[in-house]
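Rule-based calculations on the coordinates, nothing more; no lab input. In this text the structure is predicted, and so the values were computed from the model without any measurement. Because the Cβ atoms are built from the backbone with ideal geometry, glycine has one as well, and the counts that use them run over all protein chains shown.
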Amino acid sequence: MGHALDTLEAATLAGWTPVHVRLGGAAPAVDWALIEGPFSEPFFEQTAQRAMQHPFNQVFGRTTPLSALEALRRSAQGLAPAGFIFHMSRCGSTLISQMLAQLPATIVLSEAQPLDALLSLRRRAPGLDEETLVSLLRDMISALGRPRAGEERLFVKFRAWHILELPLILRAFPGVPWAFVFREPRAVLRSQESNPGTEVIAGTIDPAYLDLDAALAYQLAPGVYSARVIAALCDAALRAAAFPCASFIDYDTLPEGALALATFFGIRPAAGDVERMRAVARNDAKEPGRLYAARASGEQASPQIERCAAEWLDERYAALKRAAAAR
Amino acid sequence: MASEALAELQRRVSGDPAFAQRLRALEPERFVAEVMRESARLGLDVSEDDLRGSIARGRHAWVMRWIR
């Protein structure tokens with residue numbers, strides 16, 4: 001990855017995939033690699049990691065400015081997204097994306113860092129106007145969604161916090177159907193407590209999204225902070241609940257809910273596809289090959305989780321259930 | 001830093017997607033030897049040290065990606 005920025009000729013990026021966007025330098029830069037095989041790992045980061053183990057990408061990996069993305073989109077348009085998946089974290093969204101990946105000729109981009117980096121530019125580069133961000137999003141999804149083996153369909157699963165940028169994403173991709181996946185809040189809080197995701201680490205999400213003073217964000221107890229982040233994610237989804245392109249998927253309905261989502265996304269899976277999708281659902285979505293072991297639903301929440309769920313999440317969970325039932 | 005010969009090879013790979021795909025398809029175990037052979041065919045004197053150093057730098061850059 002070491003050599004200098006290319007003078008770009010977009011045609012030379014045929015077959016190359018953006019694997020990482022670096023924001024730490026004077027200007028953002030995109031790292032590109034040649035990836036063999038489908039994006040079959042549960043997360044795009046794992047696919048990128050696999051690609052970067054090959055010495056070719058270590059020696060010949062390329063780095064370009066962001067402007068390369070626009071040039072590439074003009075010369076080689078990727079697939080238009082057929083559906084977006086948003087979620088409140090720890091709620092079965094990875095299972096859904098793995099099930100959708102079983103459909104033929106399908107690319108599923110799962111929590112790709114290059115998209116995360118662009119969405120974080122609003123905070124990191126406050127001077128950047130919304131029009132530019134919209135274009136960058138289109139360019140990046142086009143670059144990531146170029147067919148590599150005859151694929152015809154693209155789904156994008158976003159990171160949990162990206163629902164906070166739903167208006168921007170829908171402005172870039174109006175009319176694309178999307179789903180918000182949710183789960184009983186005590187189970188989500190328990191999972192975040194035992195193994196916190198980046199989204200519930202204070203400072204990773206702009207406190208303005210959470211209606212929080214920046215200093216206060218660091219002072220809250222981790223469980224309270226988690227609950228407030230998840231509440232903000234739910235609010236962002238609920239604000240758009242009336243949109244005709246919106247769908248709400250309850251964890252309790254999985255795996256059948258994922259089959260219904262495929263239909264919502266305009267797909268009628270063949271019998272063989274449904275069989276493969278159900279087979280995947282028997283495994284742990286984040287560790288394929290390992291059978292999924294559900295936690296006992298009657299497990300008692302700690303007093304703090306109980307308090308946080310009651311104060312910040314129960315009403316929202318009920319509203320999400322109503323939104324799901326209304327579809 | 002990459003030698004001039006390796007830098008020239010990188011430029012050629014960057015400019016030729018088919019050539020890039022051919023090198024990407026190499027087995028990792030045979031990568032260095034095959035790339036040296038390809039370089040020689042192109043009249044470029046890329047050494048084993050050039051390639052091994054570049055692999056190490058690439059690996060390091062990837063590991064350090066979150067802070068660069």
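Average partner chain C-beta neighbours within 10 Å, per residue of A:85-91? Walk me through the intermediate numbers first.
Working: counts 0, 0, 0, 0, 0, 0, 0.
Mean shielding count: 0.
Compute the convex hull volume of the Cα atoms of the stretch A:176-327, divide it by the residue count, and report the result per residue in Å³ as a whole number.
131 Å³
Could you give log10 I(q)/I(0) at q = 0.13, 0.16, 0.28 Å⁻¹ for the stretch A:115-163, computed by the Debye formula over C-alpha point scatterers of equal weight, without solvent? Taking Cα atoms of the stretch A:115-163 as identical point scatterers yields -0.36, -0.53, -1.13. Extents of the stretch A:219-290, largest first, come to 51, 36, 15 Å (Cα atoms, principal axes, whole angstrom). Averaging 1/r over each pair of different alpha-carbon atoms in the protein assembly as shown and inverting the result gives 22.4 Å, the Kirkwood hydrodynamic radius. Shielding of peptide A:62-68 by partners, expressed as the average count of other chain Cβ atoms within 10 Å per residue Cβ, is 1.
Legend: ranking of residues A:60, A:248, A:182 from fewest to most surrounding C-beta atoms inside 10 Å; resulting order A:248, A:60, A:182.
Extents of the stretch B:4-67, taken as max minus min of Cα coordinates on every principal axis and listed largest first, are 38, 24, 24 Å.
Please report, largest first and rounded to whole Å, the three semi-axes of the ellipsoid equivalent to the stretch A:6-102, where each semi-axis is the square root of five times an eigenvalue of the C-alpha gyration tensor.
On the way: eigenvalues 132, 54, 43 Å².
The three semi-axes for the stretch A:6-102 are 26, 16, 15 Å.
Gain in length, residue A:307 to residue A:76, computed as 0.36 nm per residue apart minus the alpha-carbon separation, to one decimal in nm?
Working: separation 231, 0.36 × 231 = 83.16 nm, distance 5.19 nm.
78.0 nm is the gain from fully extending residue A:307 to residue A:76.
Report the residues of the stretch A:11-49 in range of a label on residue A:125: point 7 Å along Cα→C-beta, backbone N strictly under 20 Å from it. Residues A:17-33 qualify, since their backbone N sits under 20 Å from the label point. Over all Cα atoms in the stretch A:131-195, the spread is summed up by Rg and Dmax: 15.3, 42 Å. Scattering from the stretch A:49-106 was approximated by placing one identical point on each alpha carbon and applying the Debye formula without solvent; log10 I(q)/I(0) at 0.14 1/Å stands at -0.77.
Inter-chain Cβ neighbour count for B:11-20, averaged per residue, equals 5 (cutoff 10 Å, partner chain atoms only).
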